[in-house]
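One structure, as structure tokens, below. Some questions next.
The values are calculated or read from the model by the stated rules, or taken from the named source; none is laboratory data. Note that the structure is a prediction, hence the values are computed from the model and not measured. No Cβ is skipped: glycine too gets one built from the backbone with ideal geometry, and neighbour counts run over all protein chains shown. Ligands, DNA and RNA are excluded from the accessible area calculation, which covers all protein heavy atoms including side chains. Shrake-Rupley method; radii C 1.70, N 1.55, O 1.52, S 1.80 Å.
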Amino acid sequence: MGNREQEFEKLSQEARESASYLASDEKSSTLKTSRRSPETHTKDVKPWVHFVAGGIGGMAGAICTSPFDVVKTRLQSDVYRSSYLHTMKSQNIILQAGQHFKETFGIINNVYKSEGFRALFKGLGPNLVGVIPARSINFFTYGVGKDFISKNFNNGEEAAWVHLIAAVNAGLVTSTATNPIWLVKTRLQLDKASSKQYKNSWDCIKTVLKHEGIAGLYKGLMASYLGSVESTLQWVLYEQMKTIISQKALQREQEGRERTKLDSFLEWSARSGSAGFAKFIASMITYPHEVIRTRLRQAPLEHGRPKYTGVIQCFKLVVKEEGLASMYGGLTPHLLRTVPNSIIMFGTWELVIKLLS
């Protein structure tokens, strides 16, 4: 009997150890999977949903931040720059930032007083006509590209390099498709009330085609391609921060914590905030291309010939005539516009995706 009891006890011990090992292995496998490819809200979302949600998100952001866009465009151009900017009284970067902030709202106030409320939304029509398809195309192309690259070249797993290539592709496609719309928007925003050149968007298109040809609608395209670097950086940074947020959410669930509506709201807020922070970093790094692009689209004449003939020539001439600091003209209103714009756009995008999925 003693031997049988010992054998039974031995078999029981082996069974317990085996069960423990299997449970441990399963838990380890689950943790590895969650670290490798954490669940996100965008998983298994149909491409058309990204297309629609991106357009709605872009529209919401553009309407809310239009006055800052007008100020930014004017400060980037040489038409308004001399009348708006003042010599900085201090070399302290914090005081300069404060003065830029003050000037931004001062310009908005001056535009409102001298040109009326509608002037704060100049170019909004073509801006929306551009933003809606641009954001739709960007989100659609990025989502489809990321899915294609990950499935065919990375065993279905997402990675930073996958996000990078998908973002570059989305930026190039979007810039090519929408450059004529942004050119019209820029021309209308720089059109002075005292000497108007264009009656409306359609008149602007006809005038450009008549005097500059089809190529005129693609002025600044190379600078727009450079601008895709900004959107690429934003996408990559946003995806990395979103992954961290998703991993933390999974970790809390694995610890047995019950998910509440407050948790969902905080995660949504964190992802939206991540989009704004990613935009801030990307804008600070790549902003000079914005000034070059505006100058090329503005297309001023000098001695009867175009003053700016290309990206490199434009950069050298602006730095020579106005100094390197001019390459950051309009940075403050740009940040005041793009950071909340990204928060609103990505936040709206997520909400629409949730409604349509």
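Given a cut-off of under 8 Å on Cα pairs at least six residues apart, what relative contact order in percent is computed for segment 283-357?
Over segment 283-357, the number comes to 26 percent.
Which whole-number value in Å² is the accessible area per residue of segment 277-345, probe 1.4 Å? Present the calculation step by step, with values, prior to reporting the outcome.
Details: 3170 Å² over 69 residues.
Averaged over the residues of segment 277-345, the accessible area is 46 Å².
Something else: May I ask you to evaluate 6.51 cos²θ - 1.76 cosθ + 1.60, the Karplus curve with θ = phi - 60°, for each residue of segment 133-138 and list the ³J(HN,Hα) values in order in whole Hz, giving x for glycine and proline?
Couplings: x, 5, 5, 4, 5, 5 Hz.
Normalised by the number of residues in segment 45-356, what is the relative contact order in percent for Cα pairs under 8 Å and 6+ residues apart?
30 percent
I need the peptides 178-187, 58-67 ranked by packing, meaning the mean over residues of other C-beta atoms within 10 angstrom, with the highest value on top.
178-187, 58-67
State which entries of LYS113/LYS192; LYS113/LYS219; LYS102/LYS219 exceed 22 angstrom in Cα-Cα distance in the structure shown.
LYS113/LYS219; LYS102/LYS219
Could you rank ARG337, ARG295, ARG118 by how accessible they are, 1.4 Å probe, largest area first?
The ordering from most to least exposed comes out as ARG118, ARG337, ARG295.
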